[in-house]
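What follows is one structure encoded as structure tokens, with my remarks underneath.
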Amino acid sequence: MKRIILKSPHLLFAMLLFLTGPVVSRSNGQAVTDLRINPLWLDDGSLEFTRTVEGEPTRLRIDPETGDLISRAGDGRVGDRHTIANPRRSRGGGESMDVQLENRTDLDLELVWLDLGGERRAYGRIAPGERRSQHTFTGHAWILLDDAQRPVLGFRATAGEGPVVIDDASIETFREILASNLRRREAARSQQREAQPTPFVRDRALWIRDPEGDERRLAEDPGPDRRWTGRSSVSPDGRFVLAIEMEPGERHPVTLIDVAPDDRVEPRVETLSYRKPGDRIDHPRPVVFEIATGRRFDPGDDQLPDPWSIGDFSWHPDGQRVRFLHNQRGHQALRLMEIDAASSTIRPLIDEQADTFIDYAGKRFLHILADGDRAIWMNERTGWNHLDLVDLTTGERRPLTSGDWVVRGVDEVDESAGTVRIRLMGIDPDQDPYHVHHAVVAIADGSMTRLTRGDGTHDIEFSPDGAHYVDRWSRVDHPPVHELRRTGDGGLVATLATADLSVLLDEGWQEPERFVAKGRDGETDIWGVIVRPRDFDPTKTYPVVEHIYAGPHGHFVPKSFARRWRMRDIADRGFVVVQIDGMGTNWRSKAFHDVAWKNLGDSGFPDRIAWMKAAAADRPWMNLDRVGIYGGSAGGQSALRALLAFGDFYDVAVADCGCHDNRMDKIWWNELWMGWPIGPHYAEQSNVTNAHRLTGELMLILGGLDRNVDPTSTLQVVDALVKADKDFEFVLLPTAGHGAAESPYGNRRRVDFLVRKLLDEG
């Protein structure tokens, strides 16, 4: 039986952290202790970690079997180097956070976000010696590129981590990781080339190279309107190959003007290929060949209608049947298809359909077991995101998980042990439903062993043999707790350390307050946080400012402990700042999520307003007569929407780089939630078509080189407001990218606007 690991801790990263010392957060020189303990598993099976002893960070060693401390390994120094990683793509649904970056090299570096599909999204440059704060979400992957567009460092955003430091040592280590990964991939490719025929494209024709090196043409040039993509999959016995013939879609150019390029005085025009909702997309068609004879099978378009994508190829062990996922455009059908290459037939093995949307971007999981006849499949048929074991011969399904909670993700399928290790949310009715917990599920009967219990959100790191793990859990109002536990039953071996915040609290640090209230239906719990100013006085009143991000791809209220949020910087200017996850956001029930379907203009506002009113009912210091709101990207869209549709409640808004009309934004995100074909609801919810409804005080911020959201989206709002004779403020940062308001200048203008309009300070 094979063991498939989809996500597991990397011992190398733990060693790097150990070498750089424990991470300690400081406020005015006073330590906040034991936020991180830098666990390191030693060759003898013991665990080394850092804990504060008599005021000093000290390396200790513990026997994981008995929980006995067996030695003191000396103390460490504070490190500021971030986890070094080679991320491939971002993971979605994480918490909003800011990551600090410091360039200690003489290189002019470009900061690039790797989106959920692994595509690169540029976020501006970091000059030598420069420090910068970048807004992101936990789980998001970033790389830094030099002038030759070569990666010099990569990292994944993690709450509570120290700054990302780019220096010679971190670059050298990162390059060693890249080289090691390249050697492994090349060795695997070389082994595959030696064992199987290799398809390739030459002069627009499809060719095959056999293991001896002989080449021959397998299929001709498909014509001017189609092409072979080079994507292919060869059967285990080398008899068949699946190849993809593509009918290219239209190219949708977006033009940017770099008004101040580094290398010349004259501006430079840049054109991006940027498809938008409704555009004609690439049409992939799978074709199966018998390599020896050239016999081919082309399934008809009626079998694979309107493909958004064709992928995830795998062969049955018998070598005759190839499987792949067909994601149908409109995202209401996702199918596991099977082509029998020997008989030239095609059939669906799993046919998942929804009346609203299938969240393929966040809730797709397929693992076909080694026997080839069973699969673990993620779906929301019960109204909650769960796993089924599917018999691929009969189509029969058996739930592996069930209940009024959700599977957040699958971290490991261990077929030899017959288990699936999952992250889950909402399983404890007395806890915040967004807390991430971990469990192991038996494939045979669905029985579940909980690995985490503490009232917070959890990260776990396993020992090399998998017998133990370190569980780090926290809440926004509870510092991290580090526990050593047994994998077999989830039992506690020892509490390794608990962070101490006493110094921060003594200095006046305001702990965030969690709050829950009923939403628009009077029944559903809506969760959020309240952030008070540092000099908070309960006898005073404070305007309320909401930080909004309502994208259906995730939930966004912070759940783990962090000393610094940008929300705090705004609160300390004299506001109560709140953040709320309203209906339409992800990782609750399917019904909760479906509120967003063709309805992004809703943004959960009825729930947000009800939540703020409930919070203010017994908090007289929350002044709901003066309410502001700010957000970026989809949050910028929502921030402006607040004044257009809910101007009776919101008074002031700052909208940064908003996707103000869903017809103008990237195709995948908008068609997933707003649907396809394009209907009148797109225009009805557009901030452009509704600009004449503006009430209150508005600031629009735009990065002129935004490659994520077409800058024209904001400019069309500007034009509509001018035509409607509306007063507003517009801040253009000509050479900034997406998230312009997170730059020092953009943030200063945003905060100054909120102060000026809500506090009447000039």
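The values are calculated or read from the model by the stated rules, or taken from the named source; none is laboratory data. No experiment lies behind these values; they were computed from the predicted model shown. All Cβ positions, glycine included, derive from the backbone under ideal geometry; neighbour counts span all protein chains shown.
So which of Ala724, Ala741 is at negative phi, crowded, with 20+ Cβ neighbours inside 10 Å and of a type in the set (Gly, Ala, Ser)? Break it down into steps so the answer makes sense when it comes.
On the way: Ala724 fails: crowded, with 20+ Cβ neighbours inside 10 Å.
Being at negative phi, crowded, with 20+ Cβ neighbours inside 10 Å and of a type in the set (Gly, Ala, Ser) holds for just one of Ala724, Ala741, which is Ala741.
Looking only at segment 497-515, filter to residues that are without any contact (Cβ under 8 Å) to a residue 60 or more places away in the chain and either within 28 Å of the chain's Cα centre (by Cα) or part of a loop (DSSP other than H, G, I, E, B) (or both); which one of those is nearest to Lys613 (Cα to Cα)? Step through it out loud before you land on a result.
So in segment 497-515, the residues without any contact (Cβ under 8 Å) to a residue 60 or more places away in the chain come out as 502, 505-506, 508, 511-513.
Restricting the remaining residues to those that are either within 28 Å of the chain's Cα centre (by Cα) or part of a loop (DSSP other than H, G, I, E, B) (or both) gives 508, 511-513.
Numbers: Gly508: 27, Glu511: 21, Pro512: 18, Glu513: 16 Å.
The extreme case among them is Glu513.
Within segment 590-619, being within 24 Å of Trp668 (Cα to Cα), small (Gly, Ala, Ser) and touching a strand residue (DSSP E or B) at 6+ places or on another chain (Cβ under 8 Å) holds for Ala596, Gly604. Going by what's in this entry, would Arg216 be described as among the basic types (Lys, Arg) and either at pLDDT 95 or above or under 30 Å from Thr345 (Cβ atoms) (or both)? So Arg216 passes the test.
Matching residues to (1) under 21 Å from Val516 (Cβ atoms); (2) in the same structural domain as Asn747 (by TED's automatic domain parsing); (3) surrounded by fewer than 24 Cβ atoms within 10 Å (Cβ to Cβ):
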site: Ile570; (1), (2), (3): no, yes, yes
site: Met583; (1), (2), (3): yes, yes, no
site: Ala591; (1), (2), (3): yes, yes, yes
site: Ile609; (1), (2), (3): yes, yes, yes
site: Gly636; (1), (2), (3): no, yes, no
site: Arg641; (1), (2), (3): no, yes, no
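Considering every residue within segment 546-554, establish whether at least one is of a type in the set (A, V, I, L, M) and within 26 Å of His135 (Cα to Cα). The answer is yes; a qualifying residue exists.
How about segment 39-74: which of its residues are basic (Lys, Arg) and free of Cβ contacts under 8 Å to residues at least 60 places away in the same chain? Once the filter is applied, which keeps residues that are basic (Lys, Arg) and free of Cβ contacts under 8 Å to residues at least 60 places away in the same chain, segment 39-74 yields Arg59, Arg61, Arg72. Applying the condition of being at pLDDT 85 or above and closer than 30 Å to Gly635 by Cβ to segment 159-179 and asking which residue is surrounded by the fewest Cβ atoms within 10 Å (Cβ to Cβ) yields Val165.
Look at Asn623 and say whether it is over 29 Å from Asp404 (Cβ atoms) and at pLDDT 95 or above. Let's see the steps before the verdict.
Values: over 29 Å from Asp404 (Cβ atoms): yes; at pLDDT 95 or above: yes.
Considered against the rule, which asks whether it is over 29 Å from Asp404 (Cβ atoms) and at pLDDT 95 or above, Asn623 comes out as yes.
Output yes when any residue across segment 701-716 is among the charged types (D, E, K, R), in contact with a strand residue (DSSP E or B) (Cβ under 6 Å, 6 or more places away or on another chain) and either in the same structural domain as Asn599 (by TED's automatic domain parsing) or without any contact (Cβ under 8 Å) to a residue 12 or more places away in the chain (or both), and no when none is.
Here is the first cut: in segment 701-716, the ones among the charged types (D, E, K, R) are 706-707, 710.
Applying the additional criterion that residues be in contact with a strand residue (DSSP E or B) (Cβ under 6 Å, 6 or more places away or on another chain) yields 707, 710.
Applying the additional criterion that residues be either in the same structural domain as Asn599 (by TED's automatic domain parsing) or without any contact (Cβ under 8 Å) to a residue 12 or more places away in the chain (or both) yields 707, 710.
Scanning segment 701-716, I find at least one residue that is among the charged types (D, E, K, R), in contact with a strand residue (DSSP E or B) (Cβ under 6 Å, 6 or more places away or on another chain) and either in the same structural domain as Asn599 (by TED's automatic domain parsing) or without any contact (Cβ under 8 Å) to a residue 12 or more places away in the chain (or both), so the answer is yes.
Residues in segment 645-663 that are out of contact with any strand residue (DSSP E or B) (no Cβ under 7 Å at 6 or more places or on another chain) and either surrounded by 24 or more Cβ atoms within 10 Å (Cβ to Cβ) or not hydrophobic (A, V, I, L, M, F, W, C) (or both): Gly647, Asp648, Gly658, Cys659, His660, Asp661, Asn662, Arg663.
Going residue by residue through segment 673-690, is there one that turns out to be of a type in the set (Gly, Ala, Ser) and surrounded by fewer than 16 Cβ atoms within 10 Å (Cβ to Cβ)? Checked against the condition, which is being of a type in the set (Gly, Ala, Ser) and surrounded by fewer than 16 Cβ atoms within 10 Å (Cβ to Cβ), segment 673-690 yields at least one hit.
Any chance segment 262-275 includes a residue that's in contact with a helix residue (DSSP H, G or I) (Cβ under 6 Å, 6 or more places away or on another chain), touching a residue at least 60 places away in the same chain (Cβ under 8 Å) and closer than 28 Å to Lys666 by Cβ? The answer is yes; a qualifying residue exists.
Which residues, taken from segment 618-635, are out of contact with any helix residue (DSSP H, G or I) (no Cβ under 7 Å at 6 or more places or on another chain) and under 18 Å from Lys757 (Cα atoms)? Result: Asn623, Asp625, Val627.
For segment 520-542, the criterion of being among the aliphatic types (A, V, I, L, M), in contact (Cβ under 8 Å) with a residue 40 or more places away in the chain and not in a strand (DSSP E or B) is met by no residue.
The residues of segment 239-270 that are over 24 Å from Asp147 (Cβ atoms) and among the small types (Gly, Ala, Ser), listed by number, are Ala243, Gly249.
Identify, from the list Trp587, Trp611, Trp565, Trp597, the residue that is under 24 Å from Pro433 (Cα atoms), in contact with a His (Cβ under 7 Å, 6 or more places away or on another chain) and among the aromatic types (Phe, Trp, Tyr).
Working: Trp611 fails: in contact with a His (Cβ under 7 Å, 6 or more places away or on another chain); Trp565 fails: in contact with a His (Cβ under 7 Å, 6 or more places away or on another chain); Trp597 fails: in contact with a His (Cβ under 7 Å, 6 or more places away or on another chain).
Of the residues listed, the single one that is under 24 Å from Pro433 (Cα atoms), in contact with a His (Cβ under 7 Å, 6 or more places away or on another chain) and among the aromatic types (Phe, Trp, Tyr) is Trp587.
One residue is enough: does segment 721-737 have a residue meeting the conditions closer than 18 Å to Gly628 by Cα, touching a Ser or Thr at 6+ places or on another chain (Cβ under 8 Å) and not in a loop (DSSP other than H, G, I, E, B)? Checking segment 721-737: not a single residue is closer than 18 Å to Gly628 by Cα, touching a Ser or Thr at 6+ places or on another chain (Cβ under 8 Å) and not in a loop (DSSP other than H, G, I, E, B). Name every residue in segment 381-406 that is under 16 Å from Arg335 (Cβ atoms) and assigned to a loop (DSSP other than H, G, I, E, B), in order of residue number. Of everything in segment 381-406, those that are under 16 Å from Arg335 (Cβ atoms) and assigned to a loop (DSSP other than H, G, I, E, B) turn out to be Arg381, Leu392, Gly395.
Quick grid of which residues meet (1) at pLDDT below 95; (2) surrounded by fewer than 19 Cβ atoms within 10 Å (Cβ to Cβ); (3) among the basic types (Lys, Arg); (4) touching a Gly at 6+ places or on another chain (Cβ under 6 Å):
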{"residue": "Pro317", "(1), (2), (3), (4)": "no, yes, no, yes"}
{"residue": "Arg321", "(1), (2), (3), (4)": "no, no, yes, no"}
{"residue": "Asn327", "(1), (2), (3), (4)": "no, no, no, no"}
{"residue": "Met337", "(1), (2), (3), (4)": "no, no, no, no"}
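Under the condition of being crowded, with 17+ Cβ neighbours inside 10 Å, more than 18 Å from Ala591 (Cα to Cα) and touching a Ser or Thr at 6+ places or on another chain (Cβ under 7 Å), the residues counted in segment 360-386 number 1.
When residues in segment 238-272 are screened for being farther than 15 Å from Arg707 by Cβ, among the acidic types (Asp, Glu) and part of a strand (DSSP E or B), 2 of them pass. Taking segment 400-453 as the range and being in contact with a Pro (Cβ under 9 Å, 6 or more places away or on another chain) and either free of Cβ contacts under 8 Å to residues at least 40 places away in the same chain or of a type in the set (Val, Ile, Thr) (or both) as the test, the residues that pass are Trp405, Val406, Ile427.
Look at segment 342-369: where a residue is farther than 22 Å from Glu671 by Cβ and a partner is assigned to a loop (DSSP other than H, G, I, E, B), sitting 6+ places away or on another chain with Cβ atoms under 6 Å, you get Ala342/Gln320; Ile346/Pro299; Ile346/Gln303; Leu349/Leu392.
Quick one: in segment 461-489, which of the residues that are outside any strand (DSSP E or B) and touching a Leu at 6+ places or on another chain (Cβ under 8 Å) is surrounded by the fewest Cβ atoms within 10 Å (Cβ to Cβ)? Taking the candidates together, the pick is Pro464.
Looking at Arg202, Arg156, which one is at pLDDT 85 or above, charged (D, E, K, R) and outside the structural domain of Tyr549 (by TED's automatic domain parsing)? Before the answer, list the steps.
Values: Arg156 fails: at pLDDT 85 or above.
None of the other options fit; the residue is Arg202.
For beta carbons closer than 6 Å, sequence separation of 6+ or different chains, a first residue in segment 282-302 that is in a loop (DSSP other than H, G, I, E, B) and a second that is among the small types (Gly, Ala, Ser) and at pLDDT 95 or above, the qualifying pairs are Asp282/Gly249.
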